[in-house]
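The values are calculated or read from the model by the stated rules, or taken from the named source; none is laboratory data. Remember, predicted model here, so these are calculated numbers, not experimental data. Cβ atoms come from the backbone with ideal geometry, glycine included; neighbour counts cover every protein chain shown.
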2 protein chains.
Amino acid sequence: MAMRILIVEDEPGILNFLRQGLEEESYVIDTASDGNEGLEKALNSSWDLLLIDWMLPGISGMDVCRRFRAVDSQTPVIFLTARDTVQDTIMGLKAGANDYIRKPFSFDELLERIRVQFRSRESTSSDQLTLGPIRMDIHSHQVYRQNELISLTQKEFDLLEYLIRNKGKVCRRTSIIESVWDIHFEYNTGVIDVYINSLRKKLKLETEEDYIQTIRGVGYIAREL
Amino acid sequence: MAMRILIVEDEPGILNFLRQGLEEESYVIDTASDGNEGLEKALNSSWDLLLIDWMLPGISGMDVCRRFRAVDSQTPVIFLTARDTVQDTIMGLKAGANDYIRKPFSFDELLERIRVQFRSRESTSSDQLTLGPIRMDIHSHQVYRQNELISLTQKEFDLLEYLIRNKGKVCRRTSIIESVWDIHFEYNTGVIDVYINSLRKKLKLETEEDYIQTIRGVGYIAREL
DNA sequence: GAATTATTTTAAGACAATTTTAAGACGCTT
DNA sequence: AAGCGTCTTAAAATTGTCTTAAAATAATTC
């Protein structure tokens, strides 16, 4: 399961260094280059960890952390900072950070500190499914497209879950009806079509972005492009 | 609830400094002055946190940590160290430590780092819970909206506490019934609805101020807006 | 310890959202 | 162009939630 990390950092050099290094460790990375953008992304999507620079244009790193913590008290936050006064460290930790790394830092140390955060949370981690820009968190029962929360009904949710769990495989109509609707004998209904239709609409998977394709005469397939 | 901390440190000066300072913060302290004693005490009693010196007579701090981690993967461990090579830091974290403080350290920073560990483990530790304009003090059993004191019954209070402690997460009806009503088998009752209704009324969370949202077919979610 | 008050639970009708049905439009295949 | 399968839409059926009020239970008061 890919871990999603948001990096909020204004210096392009450091940002690219981090992104590249962490992607090589197969973390999924998104970035923001100032406090406002960072806070927005932090709040509008779900993350496994936040990496925030202390000095940022716009809202300061500490304020981003504090305001993020008001909403989410779980997701670990690590600060990157050039400062190293004890007072700043304490303020950072008081703002709700879980850890704190001084620049210049070794990439290996950063990696270890990230792993420490994940290690202590591993038991709690919820399973996430993704399909292109779509991400669904089964446990908290929420679905996002990019950073936008999409509201699905129960059946829409069940159908999407089934399709994504079988990503890359063709799902026959009979299989879908059995698994999602729990109907095990004859079927002559158009429900599936109706729900596929509304999924495509709500998830904005129109025309070109054909993540859920129709296999004529058989069923549907969810696939990465 | 008193937090129990075990300090493993061979220098008597530092040991007393730590013991005294932490006892003033009303932590319950026990100590060990070498690695063998430390490991034995660590394993033979239950602790909320371990504070271990890196350099110890007998078994090294790192080995104490590693062997403790083999048995207990939950209890947070913080290292105290005079060394500050990156390599040592990484080894400490790899041995299963949760954090790492360099000597000489400020006592305030140590305190903050201890609190960080407790905070991330015990969402229960804070007696003050908030949701938008709502503030509840668990200990004094009072709830405010802005500065206005709101009188809630026991069950209303319990339900609100449960929802806010799980802020941002969907609370399924079955989970609510289990946690708040302590009913562990089948449930077909409308109590939850009734209480949600009266909470929304008393807290004046009508229409727009949708801090407690309904997730149809699943349950409810308390979220900041 | 009986009476009063407050809290919790049950129940039922009103209401709102979801799910299903159905039917015509559309598009692919032969 | 005919035929079949899929898409799209709207209305009907169903299910879940809201809101009340009354009944049952627990806690206070006299």
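Some notes on this structure:
- Residue satisfying all of: in segment A:73-84; more than 10 Å from every other protein chain (Cβ to nearest Cβ) and outside any strand (DSSP E or B); modelled with the highest pLDDT among these: A:Ala82
- Segment A:140-158 residues that are farther than 21 Å from A:Thr31 by Cα, paired with ones that are within 14 Å of DNA strand D (Cβ to nearest atom) and among the hydroxyl-bearing types (Ser, Thr, Tyr) (beta carbon under 8 Å, 6 or more apart): A:Lys155/A:Tyr195; A:Glu156/A:Tyr195; A:Glu156/A:Ser198
- Neighbours by Cβ (under 6 Å, 6+ apart or cross-chain): first from segment A:199-225, part of a loop (DSSP other than H, G, I, E, B); second within 9 Å of DNA strand D (Cβ to nearest atom) and at pLDDT 90 or above: A:Leu205/A:Ile212
- Hits in segment A:183-193 (condition: modelled with pLDDT under 90, within 9 Å of DNA strand C (Cβ to nearest atom) and out of contact with any helix residue (DSSP H, G or I) (no Cβ under 6 Å at 6 or more places or on another chain)): A:Asn188, A:Thr189, A:Gly190
- A count restricted to segment B:182-193 and to residues that are within 8 Å of DNA strand D (Cβ to nearest atom) and surrounded by 14 or more Cβ atoms within 10 Å (Cβ to Cβ) stands at 1.
- Looking only at segment A:106-118, and only at residues there that are surrounded by fewer than 18 Cβ atoms within 10 Å (Cβ to Cβ) and either within 16 Å of DNA strand C (Cβ to nearest atom) or facing another protein chain (nearest Cβ under 8 Å) (or both), the one that is modelled with the lowest pLDDT: A:Ser106
- Meets criteria (within 16 Å of DNA strand D (Cβ to nearest atom) and under 17 Å from A:Leu205 (Cα atoms)) for A:Leu159: yes
- Residue satisfying condition, being of a type in the set (Asp, Glu), surrounded by 21 or more Cβ atoms within 10 Å (Cβ to Cβ) and either in contact with a Cys (Cβ under 6 Å, 6 or more places away or on another chain) or touching a residue at least 12 places away in the same chain (Cβ under 8 Å) (or both), within set A:Asp53, A:Asp34, A:Asp30: A:Asp53
- Qualifying residue in segment A:199-207 (condition: within 14 Å of chain B (Cβ to nearest Cβ) and under 18 Å from the mean Cα position of the chain (by Cα)): no
- B:Leu43 without any contact (Cβ under 8 Å) to a residue 60 or more places away in the chain and either assigned to a helix (DSSP H, G or I) or farther than 27 Å from B:Ser106 by Cβ (or both): yes
- One residue stands out in segment A:141-157 among those that are within 14 Å of another protein chain (Cβ to nearest Cβ) and surrounded by fewer than 17 Cβ atoms within 10 Å (Cβ to Cβ): the one that is farthest from DNA strand C (Cβ to nearest atom), namely A:Leu149.
Table: residues versus (1) at pLDDT 85 or above; (2) more than 12 Å from DNA strand D (Cβ to nearest atom).
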| site | (1), (2) |
| --- | --- |
| A:Ser126 | no, yes |
| A:Ile138 | yes, yes |
| A:Val143 | yes, yes |
| A:Ile150 | yes, yes |
| A:Arg173 | yes, no |
| A:Ile176 | yes, no |
| A:Val180 | yes, yes |
| A:Tyr195 | yes, no |
| A:Lys201 | yes, no |
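- Some residue of segment A:32-46 being small (Gly, Ala, Ser) and over 30 Å from B:Glu224 (Cα atoms): no
- When B:Thr214, B:Thr189 are checked against the criterion of being within 14 Å of chain A (Cβ to nearest Cβ) and on the phi < 0 side of the Ramachandran plot, B:Thr214 stands alone in meeting it.
- Close pairs from segment B:168-182: first without any contact (Cβ under 8 Å) to a residue 60 or more places away in the chain, partner in a loop (DSSP other than H, G, I, E, B) and within 13 Å of DNA strand C (Cβ to nearest atom), Cβ under 7 Å, at least 6 apart: B:Val170/A:His141; B:Val170/B:Val218; B:Arg172/B:Val218; B:Thr174/B:Tyr187; B:Ile177/B:Ile183; B:Ile177/B:Tyr187
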